[in-house]
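Below is one structure; the comments refer to it alone.
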Amino acid sequence: MRRAIASVALGVALTAGLSAVPAQAATVAPAGSAILAGDSADIQSAVDEIRALVPDLESRAAAAGVPASDAVQVVRQLINPGDYDCPASTPLQDWLRGTLQGLNQQQLGAALTLLLLDVVTWDSRVNDPQDPAVYGPAGEFTIPVTHTFKDLRRFWDIDSNGVLLVPMHGSVMVDKARMTRVFQVVYGASAANAARLADLVAQLVRSVPQFNGGDFPLFTFNSYATSAEELGGRRIAMGDGVLAGYAAIGLGDVAPQAILAHEYGHQVQFADDLIGSETSPEASRRVELMADAFSAYFLSHARGAAMQTKRVTQFLGVYYNVGDCGFASLSHHGTPAQRQRTGEWAYSVADSARPQGFILPSPTFGRMFDAELPVLVAPDAS
Ligand SMILES: [Zn+2]
């Protein structure tokens, strides 16, 4: 699964205070035990019971691509961090961290357990979207997202039949039928355990008032694209949290289009076999920067989104904000500067093309990106 734009920002959130929580289940609460809102002992018992029912949660999460611990990342370190300028944070990451203010350690622990279960992502992969699908916490991004999806399908030269666009709403965590299915299909739980886990997830969500019934940005601070070979098939998912975050920092006018075009870029990569088989931070950086390039080319092209100067500057800021300094991470997306530079390069390709109406074949554009990549990731430490 290509986790777009925000998995590393999620990693930032995890390390910002969510990791110091008990990992092992202590006791198993009796089935059906009541969990009262806001009672810290009951938050703990729900966490403990989930951990007991899913004892290998950390290793499962790691296998599914949830950000690995810092220790593991150091072992895997291949890119020299000293080569690159990288800011400690970005406005988007600051905003996300701000949403965690006021949560105590136990509530952060509850959030971590829900994130490791990754039930919202899994829901969007194995369950059908609610009909009609809406995008954004209040449906406010439905029009730009659905229109841009149509435009992308027209713009790029791949067969897009069967690519399913889906939202990610945190409120699915309190939907018993959807969660039960996730635990059966993804976790292989028995019908009884799956139903119990669904109850526990809902109770955990409801036990922390700030989680707002699941509509809490941290739970959907993500977007992704999956290929035909993966569970759920060819999908693109757009999380409410990341859309809300960009709106909060003033980029709501371009972020839905830029994020979706990045994810669609992954679908182009799947179709054109541009991903490669290597698993490393450099390989991830290449794939992710290429998706940024596909995105920026579409956004600036006269037959794509045809964005003009002001909005080009804004969408470059979208990439910048989800750059990361996870040089050892197998989901490294490139630094903020590299992501912005990649967008600038793709914009220049679209802007300097003559005639303006010509759209490069996607494999050609991919080759042009690969030729430019050494320039885009050249050391830039000052
Ligand atoms: Zn991506």
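The values are calculated or read from the model by the stated rules, or taken from the named source; none is laboratory data. Since the structure is predicted, the reported quantities are computational estimates derived from the model, not experimental observations. Using ideal geometry, Cβ is built from the backbone for each residue, glycine included, and neighbour counts are taken over all protein chains shown. Calculation scope for accessible area: heavy atoms of the full protein, side chains included, ligands and nucleic acids excluded. Shrake-Rupley method; radii C 1.70, N 1.55, O 1.52, S 1.80 Å.
Think of a 1.4 Å ball rolled over the protein heavy atoms: the chain then has 39 Å² of accessible area per residue. Semi-axis lengths, largest first, of the ellipsoid equivalent to segment 2-376 are 36, 21, 19 Å, with √(5λ) applied to each eigenvalue of the Cα gyration tensor.
When the chymotrypsin sites (Phe, Trp or Tyr not before Pro) in segment 302-371 are filtered for DSSP coil states and for at most 16 other beta-carbon atoms within 10 Å of their beta-carbon, the remaining sites are F358. Our summary gives segment 178-300 a relative contact order of 16 percent, counting only alpha carbon pairs under 8 angstrom and 6 or more residues apart.
Considering only beta bridges that DSSP places wholly inside segment 2-376, some 55 percent are antiparallel. Among N321, N222, N161, the largest mean-square fluctuation in a Gaussian network model of the chain, built with springs joining Cα atoms closer than 10 Å, belongs to N161. Of H147, H266, H169, which is the most mobile in a GNM of the chain whose springs link Cα atoms less than 10 angstrom apart? With Cα springs under 10 Å in the chain, the top fluctuation among H147, H266, H169 is at H147. Between D273 and A41, the FRET efficiency estimated from the beta carbon spacing at R0 = 41 angstrom works out to 0.15. The fraction of accessible area contributed by carbon and sulfur in segment 2-376 is 54 percent, rounded to a whole number (1.4 Å probe; ligands and nucleic acids excluded). Entry note, the chain: relative contact order of 23 percent, from Cα contacts under 8 Å with a spacing of 6+ residues. State the Cα centre-to-centre distance between segment 279-303 and segment 139-206 in whole Å. Centre-to-centre (Cα) distance: 25 Å. The largest accessible area among D292, D131, D370, D94 belongs to the first residue in D131, D94, D370, D292, and the rest follow in falling order (1.4 Å probe, all chains). Angle of helix 176-185 to the longest C-alpha principal axis of the chain, folded into 0 to 90 degrees and rounded to 10: 80°. Taking each residue as 0.36 nm, the span from D159 to M368 lengthens on full extension beyond its C-alpha to C-alpha distance by 73.1 nm.
Just checking the listed ones, S362, S59, S223: in the Gaussian network model of the chain with Cα springs under 10 Å, the one fluctuating most is S59.
For segment 242-308, the list of GluC sites (Glu not before Pro) that fall in a loop by DSSP and count at most 13 other C-beta atoms within 10 angstrom reads E278.
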